[in-house]
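To start, the structure under review is shown below, and the notes come after it.
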Amino acid sequence: MFVLLMTIISLLLLQLIWVLYNSTAFPKSKKKANASIKPVSILIPARNEEDNIGRLLESLIPQQPYIKEILVLDDQSSDGTTSVVRQFQHTFPNLKLYRGKELPSGWTGKNYACQQLGEYAEGDWLLFLDADVTVDKNGLALLQPYLDKNYRMISAFPRQRVHTFLERMLVPFMIFLVICHLPIRQVTKNQDPKFTAAHGAFICIHKESYQHAGSHAAIKSAIVDDMELMRLMKRFQFPVALLRGEKFASMRMYDTNRSVWLGFRKNIFTGTGSNIFLTLFICFLYALLYVLPSVFFVYALVIRNNQILLTAAAAYLIGAIIKIFIDSRAKTDWYTSFLYPIACSCFILLALDAIRIHKQREGYEWKGRRYYE
């Protein structure tokens, strides 16, 4: 047990060094004197977003110099989404509201909504925003320096607002997974599609390049649409970038424990390319590095073995340092980072449930629709 814990500590120290290095790899903008403004088309797919979309539109009011148009597609909503949007039409003369068409066979709902919005848009740059995003007061201004020939697609991880238990446990795992395991520099510098990470809530893409690559029609059945869109752009050799998004926007992805589970369940397994062995390996790795030391710590308390107790505590603290560092950079409440063994356990259970859904061909439920791989 002692030897195993020392091995875990060694692996965690290597992980910590990697995290510190990898966190410096996000592209930084180069400010240009007297650079001209490139107004973007704001494209918002909205399905039953009555409680969210007003906050997003409100956040865009002071940023109108950077907005060419705002297009909202009401994707067959059954709530008051349309009524909320219409309340802002007197504020935004360039706000257009569209009623989404019936979902064709073979498409996922969001992909078809984004496809329609892309066809309606007139701007050179298209900024796809989820309706639960709130753009920070200088968000669009800070985005401007990235809108040049260096990149044709930009995606950013917004700051996450979390309240319920599963939100606090699972939502911060998105950026945790990326920084722990994906070489960030390779996302920008390497056109190999396997070096890909994106967040569908905030994607800015050059319209001409987007259309040349086939637009959302080329990934119409993709469940993890953001990742597939970036892979598509890479296959066409268009330069892409993954940014830290805390300075651009914030969001609350899910507002109940159930929606957290359903939302991540549809993404987690497909995000690994539906690779069962890779998913199980990640589960094993997380159980070994982040869960087992806490189990050994409790066991050592019971049997009163100080050597195991101290070694397990050291392993736990290194894991906590990794989680606190990532969460604090992402502007997430750092104190929940100490619960990372519980968060990792939730992640493992979620991944296993996603594999079960895949094997039993039940389909992934989301917003009243069911999607099959």
Under a Cβ-Cβ cut-off of 15 Å, what is the net charge of the residues other than residue 159 that fall near it, where Lys and Arg count +1 and Asp and Glu count -1?
-> +2
Work out how much length residue 361 to residue 21 would gain on full extension: take 0.36 nm times their residue separation and subtract the Cα-Cα distance, in nm to one decimal.
-> 118.4 nm
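Quick check: residue separation of residue 28 and residue 122 times 0.36 nm, minus the Cα distance between them. What number comes out in nm?
Values: separation 94, 0.36 × 94 = 33.84 nm, distance 2.79 nm.
The span from residue 28 to residue 122 would gain 31.1 nm if fully extended.
If we count other beta carbons within 10 Å of each Cβ, what is the order of 296, 325, fewest first? Intermediate results must be reported in sequence, preceding the final value.
Working: 296 23, 325 17.
Going from least to most buried by this count: 325, 296.
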For residue 134, the residues 5 or more places away or on another chain with a placed amide H closer than 5 Å to its own amide H are 250, 251
Spin-label model distance (nm) - residue 141 vs residue 277, 7 Å beyond Cα toward Cβ = 5.3
In this structure, the FRET efficiency calculated for residue 338 and residue 208 from their beta-carbon separation, with R0 = 45 Å, to the nearest 0.05, is 0.40
Relative contact order of the chain, pairs being alpha-carbon contacts under 8 Å that are 6 or more residues apart, as % = 20
Scalar couplings 3J(HN,Hα) for segment 280-288 by Karplus 6.51 cos²θ - 1.76 cosθ + 1.60 (θ = phi - 60°), nearest whole Hz, x for Gly and Pro, are 5, 5, 4, 4, 4, 4, 5, 5, 5
Magnitude of the charge dipole, segment 40-255, Cβ model with Lys/Arg +1 and Asp/Glu -1, debye to 20 | 700
Amide H partners (placed H, <5 Å) of residue 150, local residues excluded = none
To the nearest 10 degrees, how steeply does helix 306-329 sit against the main Cα axis of the chain, on a 0 to 90 scale?
-> 10
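Taking square-rooted eigenvalues a ≥ b ≥ c of the alpha carbon gyration tensor, is segment 84-150 rounded, prolate or oblate, where a/c under 1.5 means rounded and, failing that, a/b exceeding b/c means prolate? It would help to have the intermediate numbers written out before the result.
Details: a/c = 1.97, a/b = 1.30, b/c = 1.52.
Oblate is the answer for segment 84-150, as a/c is 1.5 or above yet b/c matches or exceeds a/b.
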Is the shape of segment 40-255 rounded, prolate or oblate, going by the alpha carbon gyration tensor and its root eigenvalues a ≥ b ≥ c, with a/c under 1.5 for rounded and a/b larger than b/c for prolate?
-> rounded
Highest-first arrangement of 87-98, 226-237, 126-137, 254-265, where packing means the average Cβ count within 10 Å | 126-137, 226-237, 254-265, 87-98
Amide H contacts under 5 Å for residue 50, restricted to residues at least 5 apart in sequence or on another chain and with H modeled in the peptide plane, are 80, 81
Obtain the nm distance between the two label points defined at residue 36 and residue 299 by a simple spin-label model: each point lies 7 Å from its Cα along the Cα-to-C-beta direction.
-> 6.7
What are the ³J(HN,Hα) values, in whole Hz, obtained from phi via the Karplus relation 6.51 cos²θ - 1.76 cosθ + 1.60 with θ = phi - 60°, for each residue of segment 194-201 in sequence order, with x given for Gly and Pro?
-> 6, 8, 9, 7, 8, 10, x, 6
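No lab work stands behind these numbers, since they all come straight from the coordinates. Bear in mind that the values here come from a model prediction, so they are computed numbers and not experimental data. Virtual Cβ from ideal backbone geometry, glycine too; neighbours counted across all protein chains shown.
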